[in-house]
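The values are calculated or read from the model by the stated rules, or taken from the named source; none is laboratory data. As the structure is a computational prediction, the values presented were derived from the model and not from experiment. Positions of Cβ are backbone-derived with ideal geometry, glycine not excepted, and every protein chain shown enters the neighbour counts. For accessibility, only protein heavy atoms count, side chains too; no ligands or nucleic acids. Shrake-Rupley method; radii C 1.70, N 1.55, O 1.52, S 1.80 Å.
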Amino acid sequence: ERVNEMTVDQSCAAAIVYSTCPDAQTARDIGRALVVAKLAACVNILPGMTSIYQWDGGVSTDDEVVMIIKTRKALVEKVIAEASAQHPYDTPAFLALDVVVGAPAYLSWIMSETLAPAGDDPLKTDVS
(Lines give C-alpha, C1' and ligand atoms only; values in the text may rest on other atoms or scores of the structure.)
Protein backbone atom coordinates (compact mmCIF):
# COMPACT_ATOMS: atom_id res chain seq x y z
CA GLU A 1 0.00 0.00 0.00
CA ARG A 2 1.11 3.55 -0.69
CA VAL A 3 0.36 4.46 2.92
CA ASN A 4 3.43 2.45 3.90
CA GLU A 5 5.55 4.99 1.99
CA MET A 6 4.44 7.67 4.46
CA THR A 7 6.26 8.15 7.71
CA VAL A 8 5.45 9.81 10.98
CA ASP A 9 8.62 11.66 11.91
CA GLN A 10 8.75 13.82 15.03
CA SER A 11 11.65 15.77 13.51
CA CYS A 12 9.77 16.59 10.28
CA ALA A 13 10.76 20.15 9.40
CA ALA A 14 7.95 20.98 6.96
CA ALA A 15 4.95 23.24 7.52
CA ILE A 16 1.86 24.37 5.65
CA VAL A 17 0.67 27.98 5.87
CA TYR A 18 -2.99 28.55 5.03
CA SER A 19 -4.05 32.00 3.88
CA THR A 20 -6.75 33.73 1.87
CA CYS A 21 -6.65 36.56 -0.67
CA PRO A 22 -9.37 38.68 -2.27
CA ASP A 23 -8.57 37.46 -5.80
CA ALA A 24 -6.39 35.08 -7.84
CA GLN A 25 -3.99 37.78 -9.07
CA THR A 26 -3.14 38.87 -5.53
CA ALA A 27 -2.57 35.23 -4.54
CA ARG A 28 -0.38 34.66 -7.62
CA ASP A 29 1.70 37.75 -6.86
CA ILE A 30 2.23 36.77 -3.24
CA GLY A 31 2.82 33.11 -4.09
CA ARG A 32 5.36 33.88 -6.80
CA ALA A 33 7.27 36.26 -4.50
CA LEU A 34 7.46 33.56 -1.81
CA VAL A 35 8.71 30.91 -4.26
CA VAL A 36 11.24 33.24 -5.92
CA ALA A 37 12.59 34.21 -2.47
CA LYS A 38 12.84 30.47 -1.61
CA LEU A 39 10.57 31.02 1.38
CA ALA A 40 8.14 28.47 -0.10
CA ALA A 41 8.70 25.43 -2.27
CA CYS A 42 5.19 25.63 -3.69
CA VAL A 43 2.04 27.70 -3.30
CA ASN A 44 -1.29 26.17 -4.30
CA ILE A 45 -3.96 28.70 -5.27
CA LEU A 46 -7.56 27.55 -5.00
CA PRO A 47 -10.16 29.95 -6.42
CA GLY A 48 -13.88 29.86 -5.80
CA MET A 49 -13.95 29.84 -2.00
CA THR A 50 -16.63 31.69 -0.04
CA SER A 51 -15.90 33.02 3.45
CA ILE A 52 -18.59 33.80 6.00
CA TYR A 53 -17.17 35.63 9.00
CA GLN A 54 -17.73 38.14 11.81
CA TRP A 55 -16.35 41.60 11.02
CA ASP A 56 -17.04 45.06 12.41
CA GLY A 57 -20.05 43.89 14.42
CA GLY A 58 -21.78 42.04 11.60
CA VAL A 59 -21.62 38.94 9.47
CA SER A 60 -19.87 39.31 6.12
CA THR A 61 -19.77 36.99 3.11
CA ASP A 62 -17.05 37.33 0.48
CA ASP A 63 -15.59 35.37 -2.40
CA GLU A 64 -11.93 34.66 -1.76
CA VAL A 65 -8.99 32.59 -2.99
CA VAL A 66 -7.13 30.11 -0.77
CA MET A 67 -3.34 29.88 -0.69
CA ILE A 68 -1.70 26.72 0.66
CA ILE A 69 1.97 27.54 1.19
CA LYS A 70 4.45 24.67 1.59
CA THR A 71 7.58 25.63 3.50
CA ARG A 72 9.91 24.81 6.40
CA LYS A 73 8.76 25.25 9.99
CA ALA A 74 11.79 27.50 10.53
CA LEU A 75 10.59 29.85 7.74
CA VAL A 76 6.96 30.25 8.84
CA GLU A 77 7.48 33.64 10.51
CA LYS A 78 9.36 34.96 7.44
CA VAL A 79 6.64 33.60 5.12
CA ILE A 80 3.93 35.36 7.12
CA ALA A 81 5.92 38.61 7.32
CA GLU A 82 6.64 38.67 3.57
CA ALA A 83 3.08 37.72 2.58
CA SER A 84 1.61 40.24 5.04
CA ALA A 85 3.74 43.04 3.56
CA GLN A 86 2.14 42.40 0.14
CA HIS A 87 -1.37 41.57 1.36
CA PRO A 88 -4.19 44.10 0.85
CA TYR A 89 -6.24 43.02 3.90
CA ASP A 90 -5.94 44.87 7.22
CA THR A 91 -6.09 41.53 9.04
CA PRO A 92 -5.02 38.78 6.63
CA ALA A 93 -5.62 35.18 7.64
CA PHE A 94 -2.46 33.16 8.26
CA LEU A 95 -2.55 29.78 9.99
CA ALA A 96 0.56 27.60 10.19
CA LEU A 97 0.18 23.84 10.50
CA ASP A 98 2.99 21.41 11.25
CA VAL A 99 3.37 18.56 8.78
CA VAL A 100 3.38 15.28 10.73
CA VAL A 101 3.08 12.75 7.91
CA GLY A 102 4.27 13.01 4.33
CA ALA A 103 5.95 11.22 1.47
CA PRO A 104 9.68 11.29 2.29
CA ALA A 105 10.69 12.31 -1.24
CA TYR A 106 8.17 15.19 -1.23
CA LEU A 107 9.28 16.42 2.19
CA SER A 108 12.91 16.30 1.02
CA TRP A 109 11.91 18.32 -2.05
CA ILE A 110 10.36 21.02 0.18
CA MET A 111 13.64 21.20 2.10
CA SER A 112 15.73 21.39 -1.09
CA GLU A 113 13.63 24.20 -2.58
CA THR A 114 13.55 26.48 0.46
CA LEU A 115 16.20 28.44 2.32
CA ALA A 116 17.94 26.70 5.18
CA PRO A 117 17.86 29.23 8.03
CA ALA A 118 21.18 29.96 9.72
CA GLY A 119 21.98 27.26 12.23
CA ASP A 120 19.92 24.57 10.50
CA ASP A 121 21.75 21.33 10.02
CA PRO A 122 21.77 20.85 6.21
CA LEU A 123 22.03 17.11 6.73
CA LYS A 124 18.81 16.99 8.76
CA THR A 125 16.62 16.79 5.67
CA ASP A 126 16.22 13.01 5.87
CA VAL A 127 12.59 12.46 6.71
CA SER A 128 12.51 8.70 6.44
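Please give the FRET efficiency for D63 paired with V36, using the beta carbon to beta carbon distance and R0 = 30 Å, rounded to the nearest 0.05.
0.65
Under a model in which nothing but the beta-carbon of Lys, Arg (+1) and Asp, Glu (-1) is charged, region 58-122 shows a dipole of about 240 debye around its Cα centre. Ligands, DNA and RNA excluded, the heavy atoms of E82 present near 70 Å² of accessible surface to a 1.4 Å solvent probe.
Applying the criteria of a DSSP loop state and at most 14 other Cβ atoms within 10 Å to the chymotrypsin sites (Phe, Trp or Tyr not before Pro) of region 25-128 yields Y89. Close amide-amide hydrogen proximity is noted between A14 and K73, V99, each under 5 Å apart and 5 or more residues distant or on a separate chain (H modeled in the peptide plane; Pro and chain starts excluded).
One quarter of the convex hull surface built on the alpha carbon atoms of region 20-128 amounts to 7.7 nm², the projected area averaged over directions. Net charge in the neighbourhood of P47 (other residues with Cβ under 14 Å of its Cβ; Lys, Arg +1, Asp, Glu -1) is -3.
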